[in-house]
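So the structure is just underneath, and the comments pick up after that.
Readers should treat all values here as calculations from the given coordinates under stated rules, not as data from a laboratory. As the structure is a computational prediction, the values presented were derived from the model and not from experiment. All Cβ positions, glycine included, derive from the backbone under ideal geometry; neighbour counts span all protein chains shown.
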Amino acid sequence: MQKLRFLTSGESHGKALIGVLEGIPSGLFLSTEDINKELKRRQMGYGRGGRMKIESDHADIISGVRWGKTIGSPISIIIENKDWENWQTGMSPDIEHEASISPVTRPRPGHADLPGILKYAHSDIRNILERSSARETAMRVALGAIAKKFLQNFGILINSYVIQIGSVKMGKSKCGIEHQEIDSYSKIADKSPVRCPDEQASKLIIELIDEAIKHGDTLGGIFEVIVTGIPPGLGSHIHWDRKLDGLLSQALMGIQAIKGVEIGAGFSMAEKKGSELMDEIYYDKENKFFFRKTNNAGGIEGGISNGMPIVIKAVMKPIPTLKKPLRSVDIITKEPFDAAYERSDTCAVPAASVIAEAVIALVIADAFLEKFSGDSIDETSRNYNSYMKYLKEF
């Protein structure tokens with residue numbers, strides 16, 4: 001990332017999660033409520049596990065904001081883990097509490113457990129699973145909420161919804177171009193227990209999740225994220241690591257359990273001819289802008305936004321922590337055992353879609369600031385408005 005920098009720290013059962021975001025201009029109106037409403041969205045979704053009954057995530061802003069506005073310095077946030085009271089010795093940083101709980105020695109297939117202990121030379125898998133846990137994504141959602149608030153100042157909206165869980169798919173997804181249309185579609189999704197705007201599909205998905213719970217199994221799925229209000233010119237074709245589609249894909253693949261990403265028509269492009277897929281270019285003489293009637297490219301060409309909505313899908317694998325454990329091998333005795341079970345969800349695809357909004361917001365905000373850099377919101381706005389005027393006069 002060129003203009004924004006962020007770090008998260010903390011373990012799943014540690015005292016708290018910590019996040020620092022640097023690069024947000026001064027003058028952005030920001031409150032804890034802006035962040036907490038996104039954290040609440042992350043915790044919703046049918047099929048979530050016992051952790052959601054314990055935690056009710058609340059972010060505290062501890063720097064970078066004064067009297068409701070950002071001041072240009074790094075914004076730091078803390079989210080306390082309510083379950084910490086049960087883990088004060090088990091996750092203590094002090095050596096006198098060493099061995100206060102038994103080590104985890106049975107790696108779970110599909111997790112970072114085995115490669116992690118081999119890489120970091122640990123004999124207790126808890127040293128790996130605590131940080132590799134998706135609990136960390138709560139902080140990415142918190143930091144992403146700030147990026148979303150920043151982008152809203154410029155009419156850029158980020159929405160998502162679930163289009164498939166297990167074998168159940170919704171009707172045709174809504175890859176339109178109208179802000180209000182897509183925004184209302186996402187609001188319908190937010191009212192669904194599984195964040196799917198198709199009422200019939202939602203009912204079938206809930207039945208599928210109930211069946212998975214009954215058998216101690218888990219389910220994955222696919223969600224779609226749409227970014228509207230994007231001006232052309234974000235990202236770059238100059239180098240591989242500055243391409244907007246590459247950066248967005250990396251951000252999504254960095255979410256736990258995401259195993260595939262497609263932009264626009266994605267993998268379905270393999271089935272069609274170029275003449276069927278390329279988004280032909282038109283010009284509106286009255287309103288003075290270039291546009292497309294189709295959006296198979298998903299709003300990005302050559303690594304650069306083209307002014308159409310950015311459309312991204314991602315697939316989340318079924319969570320590998322199962323109540324009906326898979327076979328594994330004890331790392332100490334080398335004997336076969338059932339893998340260890342840690343409290344987990346049956347399905348977290350709805351939550352993953354909210355997390356995806358957050359990480360996409362961070363990438364888009366960074367690209368936006370690279371293009372329209374300013375130390376204050378007013379300066380950034382001047383730069384942005386000047387560019388939009390240039391586009392009209394092109």
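Would you calculate the separation in nanometres between label points at ALA121 and GLU98, each defined as 7 Å from the Cα along the Cα-to-beta-carbon direction?
Computed distance between label sites ALA121 and GLU98 equals 1.5 nm.
Can you figure out the FRET efficiency of ARG5 with GLN200, using R₀ = 35 Å and their beta-carbon distance, to the nearest 0.05? Display every interim value, and only then the final one.
Working: r = 44 Å, r/R0 = 1.26.
E(calc), rounded to 0.05, equals 0.20.
Per DSSP helix of 4 or more residues, -39500 (n - 2.57); summed, then divided by the residues of the chain. What does that give at 222 nm, rounded to the nearest 500?
Here the helix-only value at 222 nm equals -10500 deg cm²/dmol.
Trypsin sites (Lys or Arg not before Pro) within the stretch 304-359: which are DSSP loop residues with at most 16 other Cβ atoms inside 10 Å?
Values: sites: LYS313, LYS323, ARG327, LYS334, ARG343; in loops: LYS323, LYS334, ARG343.
Loop-located and lightly packed - LYS323, LYS334, ARG343.
Among 146-155, 160-169, how do they line up by average Cβ neighbours within 10 Å per residue, starting with the highest?
Values: 146-155: 20.7, 160-169: 22.9.
Going from most to least packed, we get 160-169, 146-155.
Based on other C-beta atoms within 10 Å, arrange PHE29, PHE372 from fewest to most. The partial results should precede the final answer.
Details: PHE29 12, PHE372 23.
In increasing order of surrounding Cβ atoms, one gets PHE29, PHE372.
Scan the chain and report its longest stretch carrying no GluC sites (Glu not before Pro) that are both in a DSSP loop and have at most 12 other Cβ atoms within 10 Å. Let's see the in-between values first.
Details: sites that count: GLU98, GLU178, GLU280, GLU286.
Of all site-free stretches, the longest is 287-394.
Relative contact order for the stretch 5-393: what percent, with Cα pairs under 8 Å and sequence separation of 6 or more? Kindly include the intermediate steps, with their values, before the conclusion.
Details: 790 pairs, mean separation 86.2, N = 389.
With pairs under 8 Å counted, the relative contact order is 22 percent.
Once both labels are modelled 7 Å past Cα along the beta-carbon direction, what's the ASP375-ASP330 spacing in nm?
It is 6.2 nm.
With only alpha-carbon atoms counted, please give the Rg and Dmax of the stretch 5-393, in Å.
22.2, 75
Can you tell me the relative contact order of the stretch 292-394? Whole percent, Cα pairs under 8 Å, sequence separation 6 or more. If you can, show how the numbers build up before the last one.
Working: 63 pairs, mean separation 13.5, N = 103.
Reported relative contact order: 13 percent.
Is the shape of the stretch 106-216 rounded, prolate or oblate, going by the alpha carbon gyration tensor and its root eigenvalues a ≥ b ≥ c, with a/c under 1.5 for rounded and a/b larger than b/c for prolate? Mind dumping the intermediate values first?
Numbers: a/c = 3.32, a/b = 1.44, b/c = 2.31.
Oblate.
Greater than 29 Å separation of Cα atoms is the criterion. Which listed pairs, LYS169/LYS288; LYS187/LYS272; LYS313/LYS371; LYS149/LYS389; LYS169/LYS214; LYS273/LYS313, meet it? Present the calculation step by step, with values, prior to reporting the outcome.
Values: LYS169/LYS288 39 Å; LYS187/LYS272 33 Å; LYS313/LYS371 25 Å; LYS149/LYS389 23 Å; LYS169/LYS214 21 Å; LYS273/LYS313 21 Å.
Violating the 29 Å Cα-Cα cut-off are LYS169/LYS288; LYS187/LYS272.
Where in the chain are the helices, taken as whole DSSP H runs, whose Cα atoms extend 27 angstrom or more along the long axis and whose Kyte-Doolittle mean reaches at least -0.5? List each step's numbers first, then the result.
Working: long enough: 349-372 (34 Å, 1.64).
Once both thresholds are applied, what remains is 349-372.
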